[in-house]
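First comes the structure, then the notes that go with it.
The values are calculated or read from the model by the stated rules, or taken from the named source; none is laboratory data. No experiment lies behind these values; they were computed from the predicted model shown. Every residue, glycine among them, receives a Cβ derived from its backbone with ideal geometry; neighbour counts consider all protein chains shown. Just the protein is used for accessible areas: all its heavy atoms, side chains included, with ligands, DNA and RNA removed. Shrake-Rupley method; radii C 1.70, N 1.55, O 1.52, S 1.80 Å.
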Amino acid sequence: YYCVLVPGYLRAVVNYDTKSDLRKYKFSTIAYRHMDSDWKNYIKFNVRRKNVLSAYSIDSGININTPKIEADFNEGLFMAEIHSKITAQQRILLDKLLDGYTENEISEELNLPAGVITEMITAIRERLIDEVRLQNQEVSE
């Protein structure tokens, strides 16, 4: 809590000192606005990461409701298996997707064109679909 609000408070102090046009307001108003903004950004960032992780679907046609696949996924075995079957760069991209980064954020961070990121996501999607189908076949046998 404090690690989010204190920087906003300190930024308010600096801005109040350096920007004379802010002095027409009470310092408490400026501090509140800065801290409120930081708090809302913090909440937005953390909620976005969680929601994207739970809502991101690489392919809506994948059925992972079988008990074996669901158990493997929950234990991390499924992801470990996927990680072993994709390239290092694809692993980095997949981890960033699962952390909630957007394609544009990944493109900027990895310094790759957006088209390359889209192609890599498609390749990962195809690999995941193949793995899920293989797992479903093993479960049904």
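Overview of results
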| item | result |
| --- | --- |
| Using θ = phi - 60° and Karplus 6.51 cos²θ - 1.76 cosθ + 1.60, couplings along region 126-138 (whole Hz; Gly, Pro as x) | 4, 5, 5, 4, 4, 5, 5, 4, 4, 4, 4, 5, 5 |
| Full-extension gain in nm, Phe45 to Tyr32, via 0.36 nm per residue minus C-alpha separation | 2.7 nm |
| Over 30 Å between alpha carbons, listed pairs Lys19/Lys96; Lys19/Lys44; Lys40/Lys85 | Lys19/Lys96; Lys40/Lys85 |
| Sequence of Thr29, Thr87 when ordered by accessible area, the most exposed leading, probe 1.4 angstrom | Thr87, Thr29 |
| Whole-Hz couplings from phi, Karplus 6.51/-1.76/1.60, listed for region 28-37; x for Gly and Pro | 4, 5, 5, 4, 4, 4, 5, 5, 4, 4 |
| In order through region 14-23: 3J(HN,Hα) via Karplus (6.51 cos²θ - 1.76 cosθ + 1.60), integer Hz, x for Gly, Pro | 4, 5, 5, 6, 8, 10, 5, 5, 7, 6 |
| Cut-off under 5 Å, modelled amide H: who pairs with Lys85 long-range | none |
| Spin-label model distance (nm) - Glu105 vs Asp21, 7 Å beyond Cα toward Cβ | 3.1 |
